[in-house]
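Quick note: the coordinates plus some simple rules give every number you see, no bench work behind them. These numbers were taken from a predicted model, which means no experiment stands behind them. Reconstructed Cβ throughout: ideal geometry from the backbone, glycine too, with neighbour counts over all protein chains shown.
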Amino acid sequence: MHFEFHVEGGNFSKAGSASSQLKKILKQLNVDPKVIKKVVVALYEAEVNIVAHAYQGDIFIDIDTEKIEIKLIDEGPGIENIELAMQQGYSTASSKVREMGFGAGMGLPNIKNNCDKMTISSEVGKSTTVEMITFFNN
């Protein structure tokens with residue numbers, strides 16, 4: 001199964017809608033609730049990162065009998081130092097984003113902790129791609 005979602009940068013009122021829809025889909029497929037929780041947390045964090053940092057982005061989700069693969073591609077400033085961005089507490093969020101309760105620097109570490117495989121690639125001034133895989137049997 002394949003699903004696609006579009007995310008608007010700066011639109012916090014819709015942040016989390018893709019992860020919410022994915023949760024419903026996985027429940028209908030009778031996926032283990034522990035797996036659902038991990039996948040939804042990881043996707044939510046990635047989705048909020050697009051809203052907080054990028055102009056827009058797209059989410060591509062593929063589900064088969066063994067795993068869920070999620071790819072997020074945004075158009076935005078990119079990440080200058082991925083290793084630094086992966087550190088808990090590191091954030092480039094604006095003060096406006098922080099005032100809304102986001103931008104604590106836990107997004108990327110939370111994504112990594114809630115999926116089985118995660119890769120990030122980024123081109124500064126252009127885009128960031130986050131790919132995550134979660135297996136049903138782990």
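At a glance:
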| read-out | value |
| --- | --- |
| Spin-label zone in the range 45-84 - amide nitrogen under 19 Å from a point set 7 Å from the Cα of Met106 along the C-beta vector | 45-53 |
| Extension gain (nm, one decimal) between Tyr55 and Lys27, 0.36 nm per residue minus Cα-Cα | 7.0 nm |
| Estimated FRET transfer efficiency when R0 is 25 angstrom, pair His6-Lys37 (beta carbons, to 0.05) | 0.55 |
| The chain: angle of helix 17-28 to the longest principal axis, Cα-based, in degrees nearest 10 | 10 degrees |
| Test item: Cα-centred dipole of the chain, Lys/Arg +1 and Asp/Glu -1 on Cβ, debye | 560 debye |
| Lysines whose Cα lies under 25 Å from that of Lys112, excluding same-chain neighbours fewer than 8 positions away | Lys14, Lys23, Lys24, Lys27, Lys34, Lys37, Lys38, Lys67, Lys71, Lys126 |
| Cα-centre dipole for the range 54-129 with unit charges at Cβ (Lys and Arg positive, Asp and Glu negative), debye to 20 | 300 debye |
| 222 nm mean residue ellipticity, helices alone, for the chain (DSSP H n ≥ 4; -39,500 (n - 2.57); rounded to 500) | -10500 deg cm²/dmol |
| With Cα atoms, 0 to 90° folded angle of helix 33-53 axis to the chain main axis | 20 degrees |
| Selection of GluC sites (Glu not before Pro), the range 36-73, meeting DSSP coil and at most 12 other Cβ within 10 Å | Glu66 |
| Added length on full extension, which subtracts the Cα-Cα distance from 0.36 nm per residue, Glu66 to Phe135 | 24.3 nm |
